[in-house]
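Reviewing the structure listed below.
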Amino acid sequence: MSFHASVLTIMPDMFPGPLGASLSGTALREGLWRFDVHDIRTHGLGRHRAVDDTPAGGGAGMVLRADVVAACLDAVAGADDPRPKLLMSPRGAPLSQARVRDLAAGSGVVIVCGRFEGVDERVIEARDLEEVSIGDYVLSGGEIAAMVVLDACVRLIPGVMGKVLSGEEESFEQGLLEYPHYTKPRDFEGRSIPEVLLSGNHQRIKDWRMEQSRALTRLRRPDLLGQKK
Ligand code: SAH
């Protein structure tokens, strides 16, 4: 069983986009995960395959129709499809590394990308969509947000990242930000590498990194400290 991602969008040409390059692209070609994209407009209504309409109650913009989105969802993920169904939305729960880890360990994900003013509330309820946000700012559509979710998931799929271990020490995995990195040259514009990293003393290096992680987290993201992973 491999991780299977399905994306529903009115902009299918945006995919796989960056997911087809680098780590996730290689993994896709190697069959470590599966990806398909579905054009919501295929289920659009009438001669113009309409997917949206004006908001009930008035106001600016357009809203994606519940019936059209539901028809697309039902065609992509039947009742027996075990994958969680996400709706990218600035109102959603902020994406966390913990949620990413859970998703990556599962059978995959179905992601609905919103556009315009968003999606009719009734399809969110009727299809039990999990609203997920990638941050407190507003994008023009859910496509890039869906790519963010998938990129974060795919790199955790076993076999995708060269060194499995490198994932475990990263930012957020321990509820802390990562320590600073250094590489060659030893001297860069008069700045040297912290002595301890050149000492060869693995315990001292480990302690120093932990200390740096804690200090950075305290300084930049104190909100992470009291938080359960
Ligand atoms: N009117 C909405 C914003 C719509 S933006 C509001 O004020 O909340 C259009 C689409 O972009 C959304 O339906 C959603 O799918 C996507 N989107 C925008 N910002 C996002 C974010 N921070 N995280 C995830 N998806 C986002």
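The values are calculated or read from the model by the stated rules, or taken from the named source; none is laboratory data. Bear in mind that the values here come from a model prediction, so they are computed numbers and not experimental data. Here the Cβ positions follow ideal geometry from the backbone for every residue, glycine too, while neighbour counts run over all protein chains shown.
Things worth noting here:
- Residue under evaluation GLN212, criteria (1) within 30 Å of VAL7 (Cβ to Cβ); (2) in contact with a Pro (Cβ under 8 Å, 6 or more places away or on another chain); (3) at pLDDT 95 or above, criterion not met: (1)
- Of the criteria (1) within 15 Å of LEU73 (Cβ to Cβ); (2) away from the ligand (no atom under 15 Å from the Cβ); (3) among the β-branched types (Val, Ile, Thr), which one VAL154 fails: (1)
- Complete set of residues in the range 135-151 that are touching a Leu at 6+ places or on another chain (Cβ under 9 Å) and either at positive phi or more than 7 Å from the ligand (Cβ to nearest atom) (or both): GLY135, ALA146, MET147, VAL148, VAL149, LEU150, ASP151
- In the set (1) out of contact with any Ser or Thr (no Cβ under 6 Å at 6 or more places or on another chain); (2) within 19 Å of VAL132 (Cα to Cα); (3) touching a residue at least 24 places away in the same chain (Cβ under 8 Å), the condition left unmet by ASP102 is number (3).
- Taking the criterion of being surrounded by fewer than 19 Cβ atoms within 10 Å (Cβ to Cβ) and of a type in the set (A, V, I, L, M), the residues of the range 50-75 that qualify are ALA50, ALA56, ALA60, MET62, ALA66, ALA70, ALA71, ALA75.
- Residue in the range 176-195 that is outside the structural domain of SER96 (by TED's automatic domain parsing) and touching a residue at least 40 places away in the same chain (Cβ under 8 Å) present: yes
- Taking the range 24-34 as the range and being farther than 12 Å from CYS153 by Cβ and out of contact with any His (no Cβ under 9 Å at 6 or more places or on another chain) as the test, the residues that pass are GLY25, THR26, LEU28, ARG29, GLU30, GLY31.
- Exactly one residue among ALA104, ALA98 is under 22 Å from ILE157 (Cα atoms), modelled with pLDDT of 95 or more and touching a Leu at 6+ places or on another chain (Cβ under 6 Å), and that residue is ALA104.
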